[in-house]
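Please read the structure below before turning to the comments.
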Amino acid sequence: MTPRGLPRVDVRTAPTHEDGRLGGRTYPIPFEDVWQAALALSDGALKGWRVITSDDHDGIITAEAHRRWPAATDRVILRIG
């Protein structure tokens, strides 16, 4: 439980996820192109998002996504490989 008593939600993509939007993505383009696009989106191009850490060696971007209703800050971890 979070400090407010709300349950934590852990959502992950998977090739066989029942929700097609969470099936993960594969792009036939260089890692660096995908990395730069994901970094740009998660560091300001998406309203309310900001990057906390990024590691291009491991392909992990950790960001915060602020939302107004209900007011909360979500942690988002993007793994790119």
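A short reminder: the numbers here are calculations on the coordinates, not readings from a lab. Remember, predicted model here, so these are calculated numbers, not experimental data. Quick reminder, even Gly has a Cβ in these numbers, built from the backbone with ideal geometry, and neighbours come from all protein chains shown.
Things worth noting here:
- Counting only DSSP H runs of at least 4 residues, each contributing -39500 (n - 2.57), and dividing by the residue count of the chain, the helix-based mean residue ellipticity at 222 nm comes to -3500 deg cm²/dmol.
- Nearest 10 degrees, 0 to 90: helix 31-40 Cα axis against the chain principal axis: 30
- About its Cα centre, the dipole of the chain is roughly 500 debye, where the only charges are +1 on Lys and Arg Cβ and -1 on Asp and Glu Cβ.
- Cα gyration tensor shape of the chain, rounded if a/c is under 1.5, else prolate or oblate by comparing a/b with b/c: oblate
- Farthest toward positive dipole pole in the chain [+1 Lys/Arg, -1 Asp/Glu at C-beta], among Pro7, Gly24, Ala40: Pro7
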